[in-house]
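Engineer: Okay, handing you the structure first.
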Amino acid sequence: LASRSFVQCYASFASTPRSRLRRGFSACAAGGPGRPWEPGPAKVESLPGQKARQLLLENPMLFEDSLDSELEALSCEPEEQVDKDNQPEAGDEGLDAAASLRKRIEEVRASERGRAMSDLLYLMVCDGFRRVGYQLARPLQAGGRADLGGRAEEETLTTKLHSEEVLAAVEEHMAQSMPGGMAAASSSVLQQMVQLPFFNIGQAYALTVQYGYVLKRAESRLQLERSLLPDGGVKSLSSYIKGIGPGIFQDAMVSVEAHIASKMQVDAVFGDLQVLRGHLVNALAKRKPSRSGTSAAVQDAVNSGEVAAIYILVADVRRLLLEAAAFGTLLWQAEDKALELSSPTLTKQSRLSDFGVQADSDGNPVLPE
């Protein structure tokens, strides 16, 4: 992940200076003027999640107090629904039916527990943003101009959430991910309006969530190694991650539920990235561009309406990616707590294909042809 450039893949944009536009980050209450803070835009479906969301809205202190008991409850094994003493005696067929029923009940309950844990992890991330006074971006619509909702102080997504090492790595990642000098924080650049394919900005957001998660996970591991080997040489966080190399550490979260929580946020803001990628791939297949002509082909597909795009301030692109990195950091912290109190489902393979990343049959990311 550290070496990938997400927005640049099939990136196409047109810059339009807007001198009258205000800078993207300015002092403002978390929810905007007169707007109360609310959890993120994702829909929480489970009963434990709905109860927790209501507590987070009405009484955040009770939300924090209830988390331990909710997470511990989700670690309990489901009770058998078929009394073993009353199983049918009709032979193998009856026993097979009873076993099949028990298995199906267990699968449904496991699915319900998994969704409830994902909901709680998502709300724990939202609570982390509440603590620093930040309101997550509202859902975006392709075809128009981006409106993220209330504006915010940039420090709520940087120094209030990240260590200096993590923040430096985030800035390096953004410089690699944002094309055409868009990562520059100068006012003249921030005030430019750009057009980006909706899939590109959505995938950049999703994979920056993953990168923020990886950074926090790696920082925790590096700090432990430094404490155990004080004379083993001081590595920077970025070089430490590069030393680990590609693989499951960078391409997957520890638990399936954490991945689902990140997907909840991405889907709520951008929609299904796999569908958006399909539209982009189909448009390029019709044009069959060379590698050097890909950007022009994408722009042509955008102009014809085959590929959804959005007009967005560079300042808002920066804000979205900073938000995504912060989301990943807070998600790692939430998952770390859940691992102490409950039993999340451990990830066996990468699930980056959910975010439009081309993968092999085992879920491992591969370079597009």
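Engineer: Taking the options Leu120, Leu101, Leu148, name whichever one is more than 21 Å from Ala258 (Cα to Cα), open to solvent by less than 10 Å² (accessible area, probe 1.4 Å) and either at pLDDT 90 or above or not acidic (Asp, Glu) (or both).
Structural biologist: On inspection, the qualifying residue turns out to be Leu148.
Engineer: Is it true that some residue in region 297-307 is under 29 Å from Ala168 (Cβ atoms) and open to solvent by 60 Å² or more (accessible area, probe 1.4 Å)?
Structural biologist: no
Engineer: May I pose another question? If you scan region 302-335, which residues turn out to be in a helix (DSSP H, G or I) and without any contact (Cβ under 8 Å) to a residue 40 or more places away in the chain?
Structural biologist: Correct list: Asn303, Ser304.
Engineer: Next question. Output the qualifying pairs, or none if there are none: Cβ atoms under 7 angstrom, residues six or more apart or on different chains, first residue in region 239-255 and open to solvent by less than 10 Å² (accessible area, probe 1.4 Å), second residue part of a strand (DSSP E or B) and among the aliphatic types (A, V, I, L, M).
Structural biologist: Filtered contacts from region 239-255: Ser255/Leu346.
Engineer: Taking the residues in region 227-280 that are outside any helix (DSSP H, G or I) and modelled with pLDDT of 85 or more as candidates, determine which candidate is nearest to Arg319 (Cα to Cα).
Structural biologist: Gly271
Engineer: Here's a follow-up. Within the set of pairs 6+ apart or on separate chains, which have a first residue in region 155-167 that is within 15 Å of Arg319 (Cβ to Cβ) and in contact (Cβ under 8 Å) with a residue 24 or more places away in the chain, a second that is open to solvent by 20 Å² or more (accessible area, probe 1.4 Å) and not in a helix (DSSP H, G or I), and C-beta atoms under 7 Å apart?
Structural biologist: Thr156/Gly133
Engineer: Okay, next question. Scan region 107-133 and report the pairs whose first residue is farther than 25 Å from Ala325 by Cβ and whose second residue is surrounded by 18 or more Cβ atoms within 10 Å (Cβ to Cβ) and among the hydroxyl-bearing types (Ser, Thr, Tyr), with Cβ atoms within less than 6 Å and a gap of 6+ or a chain change.
Structural biologist: Arg115/Ser46; Ala116/Ser46
Engineer: Condition first: open to solvent by 60 Å² or more (accessible area, probe 1.4 Å) and free of Cβ contacts under 8 Å to residues at least 12 places away in the same chain. Can you find one or more residues in region 261-274 that meet it?
Structural biologist: yes
Engineer: Another question about this same structure. Within the group Tyr134, Tyr213, which residue is of a type in the set (Ser, Thr, Tyr), in contact with a helix residue (DSSP H, G or I) (Cβ under 9 Å, 6 or more places away or on another chain), outside any loop (DSSP other than H, G, I, E, B) and open to solvent by less than 20 Å² (accessible area, probe 1.4 Å)?
Structural biologist: From the options Tyr134, Tyr213, the qualifying one is Tyr213.
The values are calculated or read from the model by the stated rules, or taken from the named source; none is laboratory data. On a predicted model such as this, the values are computed, not experimentally measured, just so you know. With ideal geometry, Cβ positions are generated from the backbone for all residues, glycine too; neighbour counts draw on all protein chains shown. These accessible areas exclude ligands, DNA and RNA; they are computed on the full protein's heavy atoms, side chains included. Shrake-Rupley method; radii C 1.70, N 1.55, O 1.52, S 1.80 Å.
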